[in-house]
Amino acid sequence: SQQGEEDPQALSIQEGENATMNCSYKTSINNLQWYRQNSGRGLVHLILIRSNEREKHSGRLRVTLDTSKKSSSLLITASRAADTASYFCATAPLIAGNMLTFGGGTRLMVKP
Amino acid sequence: GAGVSQSPSNKVTEKGKDVELRCDPISGHTALYWYRQSLGQGLEFLIYFQGNSAPDKSGLPSDRFSAERTGGSVSTLTIQRTQQEDSAVYLCASSLGPGQGFAGYTFGSGTRLTVV
């Protein structure tokens with residue numbers, strides 16, 4: 001079963017606009033991560049936010065985490081056509097080491 | 001190596017045949033994971049190796065699936081008597097272990113398995 005569920009499943013925007021993707025999860029976590037996948041192959045790690053953090057930035061990416069609501073959001077500002085990809089959230093549980101559980105992903109299309 | 005290497009990148013096999021998929025993790029990464037991804041879906045956890053500990057096999061879908069990791073490095077995922085529903089992209093990832101400064105997974109490019 002999936003721990004993380006992304007919303008929306010698909011998102012289409014124009015270049016220059018901001019893209020926001022949301023992730024909800026069910027059980028307590030150690031950290032939450034976001035990954036990008038191009039062309040259905042290997043995923044690339046984008047950012048990790050720990051359970052005691054509320055917000056984190058990396059370049060054009062901004063991630064928030066609300067542990068009381070068991071939710072996270074990924075904001076991509078000033079989107080580019082090259083940001084077109086699928087984005088997955090993944091949660092690391094409190095126990096069971098670093099094994100991640102991935103959500104179903106959000107497919108983002110940025111139109112030039 | 002510089003990244004996680006998987007081979008083959010594509011594999012077409014006949015139903016009923018056995019296949020072996022290989023993963024070469026980043027040197028020094030003690031943790032290794034196998035996931036699979038069906039078309040347009042999320043990642044399904046298969047198995048997790050951490051150092052010399054017994055692997056977590058809780059995600060293996062049937063006893064036709066097995067994996068080993070030799071010498072704490074290269075891993076092989078074996079699927080016996082393949083079925084059409086085994087068709088998917090099989091992704092391997094490695095990472096530092098707990099307490100080593102874990103900062104996320106590094107994924108390989110995957111093996112696309114097609115069972116005909």
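The values are calculated or read from the model by the stated rules, or taken from the named source; none is laboratory data. Quantities reported herein were computed from a predicted structural model and do not represent experimental measurements. Counting neighbours? That spans all protein chains shown, and the Cβs are built from the backbone with ideal geometry, glycine included. These accessible areas exclude ligands, DNA and RNA; they are computed on the full protein's heavy atoms, side chains included. Shrake-Rupley method; radii C 1.70, N 1.55, O 1.52, S 1.80 Å.
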In segment B:5-115, carbon and sulfur make up what percent of the accessible area (probe 1.4 Å)?
43 percent
Highest-fluctuation residue, B:P25, B:P98, B:P55 considered, GNM on chain B with Cα pairs under 10 Å
B:P98
With just the Cα atoms defining each centre, how far is segment A:68-112 from segment B:28-55? Give it in Å.
18 Å
Among A:G42, A:G59, A:G16, which one shows the biggest mean-square fluctuation in a GNM of chain A, springs joining Cα atoms closer than 10 Å?
A:G59
At 1.4 Å probe size, with every protein chain present, just tell me what the per residue accessible area of segment B:5-115 comes to in Å².
45 Å²
Segment B:65-98 to segment B:102-116: how many Å between their Cα centroids?
9 Å
Protein accessible surface hidden between A and B, which excludes ligands and nucleic acids, total in Å², probe 1.4 Å:
1700 Å²
Most fluctuating residue given options B:F49, B:F65, B:F102, as computed from a GNM of chain B linking Cα atoms under 10 Å:
B:F102
Answer in debye to the nearest 20: the dipole magnitude of segment B:1-67 about its Cα centre, from +1 Lys/Arg and -1 Asp/Glu charges placed on Cβ, is 120 debye
When the dipole is taken about the Cα centre of segment B:5-115, and only Lys, Arg (+1) and Asp, Glu (-1) are charged at their Cβ, what size is it in debye, to the nearest 20?
120 debye
